[in-house]
Amino acid sequence: WYERCNDLRVYRMKNKHCNVPRKDPKLGRWVDTQRTEKKNYEAGLKTSMTDEKLQHLSDMGFEWNVRKERDDAVWNQRFEELKKFRDEHGHCRVPQGSGKFGTWVKHLRS
């Protein structure tokens, strides 16, 4: 565990973040496993995660919920697009055929 944690520290120094892609055969899978282990730990399930390990990773700047942060960033971006659209057109009736932006607005409506 500590060896992989050290690998993550090196990765972070090089890339300025701890979000190793899953496609990385060793470290990416290990990072993904740590997120799963934390969920199991919080649910009271059997896991190798400990308070010490959680703190160690958190101190390093480990991001536990990357998907939520990415989803929030996309939502904020689309909202800014909607405000710009409203300023330009005087309404928020975005055509569904407007690519990802149109699809986002359609989902908001539903």
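Tabulated data
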| read-out | value |
| --- | --- |
| Hits in the range 68-110 (condition: of a type in the set (Asp, Glu) and closer than 30 Å to Gln34 by Cβ) | Glu69, Asp71, Asp72 |
| The range 84-110, residues that are in a helix (DSSP H, G or I) and of a type in the set (S, T, N, Q) | Thr103 |
| Some residue of the range 90-103 being open to solvent by less than 60 Å² (accessible area, probe 1.4 Å) and closer than 30 Å to Cys18 by Cβ | no |
| The listed residue being among the charged types (D, E, K, R) and loosely packed, with under 12 Cβ neighbours inside 10 Å, out of Asp32, Asp24, Asp72 | Asp72 |
| Lone qualifier among Lys16, Lys68, Lys38 - being at pLDDT below 90, farther than 30 Å from Gly102 by Cα and of a type in the set (Lys, Arg) | Lys16 |
| Residue match in the range 57-67 (condition: among the aromatic types (Phe, Trp, Tyr) and in a helix (DSSP H, G or I)) | no |
| The range 46-67 - residue that is of a type in the set (Ser, Thr, Tyr) and within 13 Å of Thr36 (Cβ to Cβ) and, of those, most open to solvent (accessible area, probe 1.4 Å) | Ser48 |
| Residue list for the range 1-49, restricted to those being among the hydrophobic types (A, V, I, L, M, F, W, C), in a loop (DSSP other than H, G, I, E, B) and closer than 13 Å to Phe62 by Cα | Cys18, Val20 |
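Each row is one residue, and each column tells you yes or no for (1) closer than 30 Å to Lys106 by Cβ; (2) out of contact with any Ser or Thr (no Cβ under 6 Å at 6 or more places or on another chain); (3) in contact (Cβ under 8 Å) with a residue 40 or more places away in the chain; (4) not charged (D, E, K, R).
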| site | (1), (2), (3), (4) |
| --- | --- |
| Arg22 | yes, yes, no, no |
| Arg35 | no, yes, no, no |
| Leu45 | no, yes, no, yes |
| Phe79 | yes, yes, no, yes |
| Lys84 | yes, yes, no, no |
| Glu88 | yes, yes, no, no |
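The values are calculated or read from the model by the stated rules, or taken from the named source; none is laboratory data. Owing to the predicted nature of the structure, the values given are computational and were not obtained by experimental measurement. A quick note on method: Cβ atoms are made from the backbone with ideal geometry, for glycine too, and the neighbour counts reach across all protein chains shown. The protein model used for the area step is the full one, side chains on, heavy atoms only, and it has no ligands, DNA or RNA in it. Shrake-Rupley method; radii C 1.70, N 1.55, O 1.52, S 1.80 Å.
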